[in-house]
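Peer 1: One structure, as structure tokens, below. Some questions next.
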Amino acid sequence: MMTIFDYYMRLLAGSILALVSTAALVLALAGLVQPGKEQIMAIAAGISLQACLYLFARNKADRWISALLLAVSVAATVAFMEYAWQQQQAETAMQQQQQSASSYRAQQLQRQIDDISQQISIRLQVSQRDTEGSYRTRGMTQLNDDIPRLTEQRETLLNQLANLTTGATTPSGSMEAALGSAHWGFRIGVFIALALLLDYCAIRCLATEKSDVKKEERKPSAEAAKPEPALEPESPEEKNLQENRLATVTEADPEVKRIAERVRSGSYGLQPIVRQIISEEGVRHPVVKQAFELLQDEGVLVKNGQRYELQEAA
């Protein structure tokens with residue numbers, strides 16, 4: 001028996017899995033037609049087919065049609081997974097081409113940066129020699145004009161190279177790494193297993209009945225926990241009179257006989273409570289009193305302190 005928390009968690013998990021499976025079927029059907037009214041009809045058909053799957057799976061008489069709907073749902077989910085896989089592979093191939101182009105471009109930028117760095121170094125040496133010799137004006141011109149221009153060009157190329165290096169890496173998922181080198185049949189088998197597991201878990205979760213939930217035991221009310229009050233005492237004269245007419249009263253009063261039979265059969269438990277019987281049956285206190293006295297005379301009901309105990313149940 002499951003708890004109420006388990007029941008609602010199953011419904012939540014089943015609903016999520018059913019939505020995923022329904023979305024795969026809807027996308028597969030919608031991709032077969034042109035956008036417009038036909039696509040709307042395909043979406044409605046996909047949702048209806050999935051709803052029929054989860055409804056028919058609960059009925060054994062519809063097991064064949066539900067098996068056919070399950071096959072359609074699995075096929076649509078596998079097709080969606082394969083489409084997503086091919087899209088991922090195409091994107092990965094494009095990124096690899098971009099990486100190759102970026103690598104070639106990076107090599108060109110690096111050569112230009114090396115050339116400019118070499119020119120700066122040569123010009124610095126020439127400028128130092130001119131300033132130390134008789135060509136001080138020419139040396140200062142190179143320091144003020146040529147060196148800043150070349151330095152600015154080198155910084156621009158360095159920034160371009162940094163941008164290429166940052167976008168060069170493409171992360172690869174573990175699923176892609178595992179299935180990338182495998183045969184296509186193995187990949188399709190994995191997709192079929194995942195699709196079957198998705199639909200099976202959704203069907204099992206949504207088929208959970210609320211009657212399977214364990215009911216919490218009700219604690220006895222404060223009124224039931226109170227000690228059973230003793231029946232009102234009678235005088236000897238009243239007792240003798242009651243004994244003389246007890247048989248006649250019980251034969252004439254069907255309510256007394258009915259209450260006595262229900263108490264004898266154990267309908268009120270092994271410790272019947274006067275107040276409970278009056279409340280459930282809607283009878284008066286004297287009727288229950290006479291039924292209890294009748295059962296006491298038969299030895300079926302015994303008074304123990306302030307409570308009554310049933311000795312045997314018919």
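Peer 1: For the subset of region 37-59 comprising residues that are within 12 Å of A207 (Cβ to Cβ) and assigned to a helix (DSSP H, G or I), which member is most open to solvent (accessible area, probe 1.4 Å)? Give the steps one after another, and end with the answer.
Peer 2: Let us first name the residues in region 37-59 that are within 12 Å of A207 (Cβ to Cβ), namely 53-59.
Restricting the remaining residues to those that are assigned to a helix (DSSP H, G or I) gives 53-56.
Numbers: L53: 1, Y54: 30, L55: 114, F56: 63 Å².
The extreme case among them is L55.
Peer 1: Among the listed residues T77, T92, which satisfies the condition of being under 30 Å from N163 (Cβ atoms), in contact (Cβ under 8 Å) with a residue 60 or more places away in the chain and either touching a helix residue (DSSP H, G or I) at 6+ places or on another chain (Cβ under 9 Å) or not charged (D, E, K, R) (or both)?
Peer 2: T92
Peer 1: Determine whether region 298-307 contains at least one residue that is at pLDDT 55 or above, surrounded by 14 or more Cβ atoms within 10 Å (Cβ to Cβ) and not basic (K, R).
Peer 2: Among the residues of region 298-307, at least one is at pLDDT 55 or above, surrounded by 14 or more Cβ atoms within 10 Å (Cβ to Cβ) and not basic (K, R), which makes the answer yes.
Peer 1: I've got another one for you. Picking from R123, R129, which residue would you name as being basic (K, R) and open to solvent by 100 Å² or more (accessible area, probe 1.4 Å)?
Peer 2: Values: R123 fails: open to solvent by 100 Å² or more (accessible area, probe 1.4 Å).
Criteria check complete, one pass: R129.
Peer 1: Does S102 fit the bill of being hydroxyl-bearing (S, T, Y), in a helix (DSSP H, G or I), open to solvent by less than 40 Å² (accessible area, probe 1.4 Å) and at pLDDT below 85?
Peer 2: So S102 passes the test.
Peer 1: Return the pairs, sorted by first residue and then second, in which the second residue is surrounded by fewer than 15 Cβ atoms within 10 Å (Cβ to Cβ), the first residue lies in region 30-59 and is among the hydroxyl-bearing types (S, T, Y), the beta carbons are less than 9 Å apart, and the residues are 6+ apart or on different chains.
Peer 2: Y54/A207
The values are calculated or read from the model by the stated rules, or taken from the named source; none is laboratory data. The model shown is predicted, which means the values in this text are computed figures rather than measured ones. Glycine also receives a Cβ, built like all others from the backbone with ideal geometry; neighbour counts cover every protein chain displayed. Heads up: the accessible areas ignore ligands, DNA and RNA and are worked out on the full protein's heavy atoms, side chains in. Shrake-Rupley method; radii C 1.70, N 1.55, O 1.52, S 1.80 Å.
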